[in-house]
Amino acid sequence: MKLRIAFFFLLLNVICSNSFAQECNCASQLNFAIHKIETNYAGFTDKVTDENRMMYEDYTKNFIIKASQEKNADNCLNLVKQWMEFFKDGHLQIRTKANSVNTVSSKITSDDNKTYFKKINAETNLIRIGSFNHVYKKMIDSVIRANYAAITSTKYLLIDLRGNHGGSDVSYKELIPFIYTNPIEVIGMSKLSTPDNIEKYNIAANDDIYSADSREYARKIAEKLKAIPGQFLEGETETVSLKEILPYPALVGIVVNNKCGSTTEQFLLAAKQSKKTVFFGENSAGILDYANMHFLDFPCYNWRLGYATSRSMRLPKTPVDNIGISPDIYLTGDNPDWVSYAAKYISKMPSIGLDNFSYTDTLQVDLKMMAKMIAGNSTNTYDKVRNVVWWTNKNFSWNFTDYKKRTPKQIICQKGGNCNEQAQVVRALLTELNVKTRRTSEINIQLESERRQKDAERQIGLVGNRASVFGYRHNDHVWVEFYDEQEQEWVPADATIGKIGLDSWLKARIGFEPRVNHAVILSAEMLVPISVFARNPDGTIAENRSTYYLVESFNKVYKNKLANLPAWKRWVEGIEFIQLKSKNAFEGKENLHLYTDKIKELKEIYEDLKAQYNEIK
C-alpha cells in the first residue's frame, strides 16, 4: 500500500511541476485533498480496506490524470468533490471561505435557521429549530426559557427540525428535559490523533465563543491526543440521568426530513430512547458515524476542506451513515403540511406509560381498562391497533427467550418480554377492544451465530425438530396480524419493531432501502424473512402466508418490477422450497438445520435481487 501511495504522490509531483506554469493548479488541489483525507479523516481505514484498496487506488489514479488536464477552477472544484464521493460521507465537504463555518454568525438572521415558539392549539405547542450550530445556542436557549411555562403545562409538544443540518451537541441540551422518561445512553466518539486534528482542539481551547468548561475540555483532549500520535483516543459512553420526569409535555412529536444530519441525528438517537417521542417525516440524512468536523485551507482558490476527525463507537454494529434514522410515521409530499398532520395525529395517541399502571401482581392487572386508556379516542380498527403496537413498543423492554410460559398479565407485570410475549400482550389488549387478531410466526435469515446454533441443538435434544426453527443462519420471530374489517384483509402489526401496515412492514423487513437498526439488537440482525405462517388458537398452522408476503406483496411494493429481474425466478423457487421445510420444522416433522446451505443461497439471491433492482431504479 505504501509503495502504491508513494507512486501516487510521485505521479502528482510530476504533474504539478510539468503541466502548469503557475503555482496553483488542479493537480495540487487534488493532491492536498488526498493527502489530508488519507492522513486525518477518521473514516479512511473503514472506507478503504483490503477488499477494495486496489479499486480505490485505481479510482484515485484516474482522478489524478484528470486533474492534470483541468485548468478551470470551477471544474476543478467539481472534480475534487467527485473524487471525495468515493467515501460516501456527508462530512467530507469543500466550502468556499465566504461560506465557511467561521462566517455562519453573519447569517444569524436567516429565516431557515431561526428558532421560534408557536402555540398550535390549546393542547399543542411547536418549537421550530432550523440549526444546532453553536452560534444559535443562545437563541435556542432564550426561546425555550421564555416559553418554558407554556411548554411544561401543555399536553403535546412538536419539535420541527426539518432542514436542520446539525451543529453542536450543546445546542440541544435544553430540549432533553422535555423528552426525558428514562436514562439516555450517549455512545462516545473515538478521536484520531494527527497534528491537524489536534489543532482543531487547540483552536477551540482559545475561542471565547465557547464556555470556560468547553475550552478546558478542548485543551485536555488536545493534550491526550498529543500523547498517542496516529492512534484513536477512545471516547466515553455517557448516561444522561435527570432527577425529574416532566408530566407535560406528555407526548413529543419530532418532525424530520432527509436534510437532518450530524448533530441533529445525535439528538434523534437520544430522543428515540424516550417513551414519549413520536417521529414524523422521512429518514434523516445519515451523516453521523464520522463527526467532529475540522476545516483546512486549500493552497489555492479560496477553498476549505472539511472532514470528520472522530469515529462513533457504535460502529460497526449500528451504523447510521447512508441509512438515516427512520420515523415512526412516514410522511411524503402527499401530506403538504407535516406539522398540522403531526399535531392531529399525536392528539389521538396514548399519552400514558406502563408506569401509570404500576402493577406488581397479576391480580391487579385490568386488561380492559388498560386497553381503553391506550386506545384513547380511537374509533377505527387501524387507529386502535396503531396505539396498542406503539405503546407496547415504547414501554416494554426486550428480554431474551428463557423458554418459560407466561400469561399476558405476567408479561405486563415484568414490563418486558421476547417477541412472542410482546405479541401476546398486543393480542390480549386488542381482544379487549374487539379487534380480531391471530399469532403469526416467521423464519428469517440472520447473521451467522455459533451461540444460536449450539442453543438450538440443545433445545432439539429436549423438544425435537420444532426447535430447529432457529440455528446458525436463521431464527424465528413472532408478531400479530389483525383483521381490518373495512379492507377485509389481514394486516401485519409487529410490536418488537413498532411497525403496522403492509407497506410499513415490507419496508422494515424485506425492502431494499437502507434500514435503520432497531433498538432491539436481535431484530436489527433479522436480514430478511423466508417463510411466514398464521396460527390457529391452538398453535397449529392456519395459513401459509409466505407467498403472499415474500413474493406477491414484495413484488407489488416495487411496482411489479422485481418479476422482470434475472434473480426473481430463483427467489420465488427458493421461497417455495424453504417454506415447505419451515412448515415441517414448525410441526416437528423435519430438521431445518439440514437446509442451512439453502438458507445461505437465499441470502445470496436476495442480495442479487437488491443489486439488480438498484441498477434499474
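Computed from the coordinates by the stated procedures, all read-outs in this text should not be read as laboratory data. Nothing here was measured: the structure is a model prediction, and the numbers come from that model. Counting neighbours? That spans all protein chains shown, and the Cβs are built from the backbone with ideal geometry, glycine included.
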List Y180, Y301, Y217 from most exposed to least, where exposure is judged by having the fewest other Cβ atoms within 10 Å. Y217, Y301, Y180
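If packing is taken as the mean number of other Cβ atoms within 10 Å per residue, what is the order of 125-131, 381-387, 170-176, highest first?
Values: 125-131: 22.6, 381-387: 21.0, 170-176: 19.4.
Averaged packing, sorted descending, gives the order 125-131, 381-387, 170-176.
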Using the Kirkwood radius over Cα pairs of the range 261-300, the Stokes-Einstein translational diffusion coefficient at 20 °C and 1.002 mPa s, in µm²/s and rounded to a whole number, is 174 µm²/s
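If we sort 326-333, 465-472, 204-211 on the protection proxy, mean other Cβ atoms within 10 Å, highest first, what's the order? Write down the numbers at each step before the final one.
Working: 326-333: 17.2, 465-472: 22.0, 204-211: 13.4.
The packing order, highest mean first, is 465-472, 326-333, 204-211.
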For the range 124-176, what does the equivalent ellipsoid look like in terms of its semi-axes, each the square root of 5 times an eigenvalue of the Cα gyration tensor, given largest first in whole Å? 20, 12, 8
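With N denoting the number of residues in the range 436-617, provide Rg(C-alpha) divided by 2.2 N^0.38 Å, to two decimal places.
That works out to 1.00 for the range 436-617.
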Mind listing the Cα extents of the chain along all three principal axes, in Å, largest one first? 84, 60, 46
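Of K61/K81; K191/K610; K272/K499; K384/K583; K436/K561; K114/K276, which pairs sit farther than 23 Å apart, going by alpha carbon to alpha carbon?
On the way: K61/K81 15 Å; K191/K610 35 Å; K272/K499 15 Å; K384/K583 31 Å; K436/K561 34 Å; K114/K276 25 Å.
Violating the 23 Å Cα-Cα cut-off are K191/K610; K384/K583; K436/K561; K114/K276.
Roughly speaking, what is the stretch gain from E174 to N380, that is 0.36 nm per residue apart minus the C-alpha to C-alpha distance, in nm to one decimal?
Details: separation 206, 0.36 × 206 = 74.16 nm, distance 3.76 nm.
Length difference between fully extended and current span is 70.4 nm.
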What's the center-to-center distance, using Cα atoms, between the range 424-448 and the range 154-174 in Å? 35 Å
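Please give the peptides 48-55, 154-161 ranked by average Cβ packing (other Cβ atoms within 10 Å per residue), highest first, as a rough proxy for protection. If you can, show how the numbers build up before the last one.
Working: 48-55: 11.1, 154-161: 23.0.
Per-residue Cβ counts within 10 Å, averaged per peptide and sorted highest first, yield 154-161, 48-55.
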Helix-derived [θ] at 222 nm for the chain: sum -39500 (n - 2.57) over DSSP H runs of at least 4, divide by residue count, nearest 500? -12000 deg cm²/dmol
Taking a straight Cα-to-Cα line shorter than 20 Å from K409, and setting aside same-chain aspartates and glutamates fewer than 8 residues away, one finds D355, D361, D366, E421, E432, D494, D538
Which pairs in the list K36/K71; K394/K454; K259/K317; K368/K404; K556/K598; K173/K200 are over 27 Å apart, alpha-carbon to alpha-carbon? K394/K454
Only bridges whose two residues both fall in the chain count here: according to DSSP, what percent of them are antiparallel, nearest 5? 70 percent
Can you compute 3J(HN,Hα) from phi for each residue in the range 570-578, using the Karplus curve 6.51 cos²θ - 1.76 cosθ + 1.60 with θ = phi - 60°, rounded to whole Hz and x for Gly and Pro? 5, 4, 4, 5, x, 5, 4, 6, 6
Burial ordering of S582, S153, S190, fewest other beta-carbon atoms within 10 Å first: S153, S190, S582
Is there a quick way to get the dipole size of the chain? I mean about its Cα centre, with the Cβ of Lys and Arg at +1 and of Asp and Glu at -1; what is the value in debye to the nearest 20? 580 debye
Kindly put D337, D494, D196 in sequence by how many other C-beta atoms sit within 10 Å of each C-beta, fewest to most. D337, D196, D494
Name the residue farthest towards the positive end of the dipole of the range 540-608 from the options V551, L594, W571, assuming +1 on Cβ of Lys and Arg, -1 on Cβ of Asp and Glu, about the Cα centre. V551
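Which value, in debye to the nearest 20, describes the size of the charge dipole of the range 436-617 about its Cα centre when Lys and Arg Cβ atoms bear +1, Asp and Glu Cβ atoms bear -1, and nothing else is charged? Don't skip to the answer; put the middle values down first.
Details: 28 positive and 28 negative charges, 39 e Å.
Roughly 180 debye, rounded to the nearest 20.
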